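Chemist: Take a look at the following structure, please.
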Amino acid sequence: MAFRDRLPSGRTRARLGILVLVLALGGVLTLIDQRNTLMSPGPAPDSEQGVPDYYLEGVTYTRFDDQGRVSQTMESPRVSHTPADDVTRAVTPHFTLLGDDGNRWTADGEHATLGPNANTFELSGNAVLHQPADNWQLETDVLHYDIPSQHAWSDSGAVFTQNEQRTRGDCFNGWVSEDRMTLEGNVQGFHPPIRQ
């Protein structure tokens, strides 16, 4: 009889069961409430330019001209924007630049900085400008591009390569719509003889 007195009564067991059920339900509701925090990416990286107001991963930007035609695309694994200077930064971007006359050039680099209003961009770190139709490419440290005028330029040393020909200069200018380019300043070239 002493053992039976130590067991909780049916009413006490029901109360304990309800308490356990309420605690379990509270735990589940807390997890549901916290799931957005648990599943969201970490904090945005801070930089000298301030804290980004957004950053995107796996991005493809497409820019259209006044007639609604595609004029430029940019692909990047990570893009961030800082509102303090209204600049967008991209990591290992790949640009496709389309001229008004249908010419297509590509540009790649380690980093890109798109200026305010995204009318200009700067590629830095092993920047390469490639013109597929004539199979030439230009390599430089920093490449600039003005979108409205479709003008690419570099004020640092540039190497122009087409087939086995290589030409080096102190600065470069290229116009996508006109499908032309120039190298200036201390220009030196290597043009191997044509093999018969």
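Chemist: If you scan the stretch 104-117, which residues turn out to be open to solvent by less than 60 Å² (accessible area, probe 1.4 Å) and not hydroxyl-bearing (S, T, Y)?
Modeler: Matches in the stretch 104-117: W105, A107, D108, G109, A112, L114, G115.
Chemist: Identify, from the list D66, D53, D101, D86, the residue that is touching a residue at least 40 places away in the same chain (Cβ under 8 Å) and either open to solvent by 70 Å² or more (accessible area, probe 1.4 Å) or in contact with a helix residue (DSSP H, G or I) (Cβ under 6 Å, 6 or more places away or on another chain) (or both).
Modeler: Result of the check over D66, D53, D101, D86: D101.
Chemist: From T120, T96, grab the single residue that is surrounded by fewer than 19 Cβ atoms within 10 Å (Cβ to Cβ), in contact with a Phe, Trp or Tyr (Cβ under 7 Å, 6 or more places away or on another chain), without any contact (Cβ under 8 Å) to a residue 60 or more places away in the chain and within 14 Å of R63 (Cα to Cα).
Modeler: T120
Chemist: Report whether or not T12 is modelled with pLDDT of 65 or more and either closer than 30 Å to P116 by Cβ or part of a loop (DSSP other than H, G, I, E, B) (or both).
Modeler: Against the criterion (modelled with pLDDT of 65 or more and either closer than 30 Å to P116 by Cβ or part of a loop (DSSP other than H, G, I, E, B) (or both)), T12 does not qualify.
Chemist: Shifting gears a bit: Would you mind telling me which numbered condition in (1) in contact with a Ser or Thr (Cβ under 7 Å, 6 or more places away or on another chain); (2) closer than 16 Å to V176 by Cβ G109 fails?
Modeler: All conditions are met except number (2).
Chemist: Which one of the conditions (1) modelled with pLDDT under 65; (2) closer than 19 Å to V87 by Cα; (3) of a type outside the set (F, W, Y) does G42 fail to meet, given that it meets all the rest?
Modeler: Only one criterion in (1) modelled with pLDDT under 65; (2) closer than 19 Å to V87 by Cα; (3) of a type outside the set (F, W, Y) is unmet by G42, namely (2).
Chemist: I'd like to check something: does the stretch 182-189 contain any residue that is in contact (Cβ under 8 Å) with a residue 24 or more places away in the chain and farther than 30 Å from Q67 by Cα?
Modeler: Yes; the residues of the stretch 182-189 include at least one that is in contact (Cβ under 8 Å) with a residue 24 or more places away in the chain and farther than 30 Å from Q67 by Cα.
Chemist: Let me ask something additional. Can you find a residue that is of a type outside the set (A, V, I, L, M), touching a His at 6+ places or on another chain (Cβ under 8 Å), part of a strand (DSSP E or B) and open to solvent by less than 30 Å² (accessible area, probe 1.4 Å) anywhere in the stretch 152-162?
Modeler: Scanning the stretch 152-162, I find at least one residue that is of a type outside the set (A, V, I, L, M), touching a His at 6+ places or on another chain (Cβ under 8 Å), part of a strand (DSSP E or B) and open to solvent by less than 30 Å² (accessible area, probe 1.4 Å), so the answer is yes.
Chemist: Can you tell me which residues in the stretch 47-56 are among the aliphatic types (A, V, I, L, M) and part of a strand (DSSP E or B)?
Modeler: L56
Chemist: (1) on the phi > 0 side of the Ramachandran plot; (2) surrounded by 12 or more Cβ atoms within 10 Å (Cβ to Cβ); (3) at pLDDT 85 or above: which one isn't true of N186, the others all being true?
Modeler: If we test N186 against (1) on the phi > 0 side of the Ramachandran plot; (2) surrounded by 12 or more Cβ atoms within 10 Å (Cβ to Cβ); (3) at pLDDT 85 or above, just (2) comes out false.
Chemist: Can we say A158 is within 21 Å of the chain's Cα centre (by Cα), small (G, A, S) and at negative phi?
Modeler: Judged against the criteria, A158 is not a match.
Chemist: Could you look through the stretch 50-83, keep only residues that are charged (D, E, K, R) and farther than 17 Å from N119 by Cα, and pick out the one that is nearest to the chain's Cα centre (by Cα)?
Modeler: Ranking the candidates gives R78 first.
The values are calculated or read from the model by the stated rules, or taken from the named source; none is laboratory data. None of these values were measured; they are calculated from a predicted model. Because the Cβ atoms are built from the backbone with ideal geometry, glycine has one as well, and the counts that use them run over all protein chains shown. To get the accessible areas, we keep the full protein, side chains included, count just its heavy atoms, and leave off ligands, DNA and RNA. Shrake-Rupley method; radii C 1.70, N 1.55, O 1.52, S 1.80 Å.
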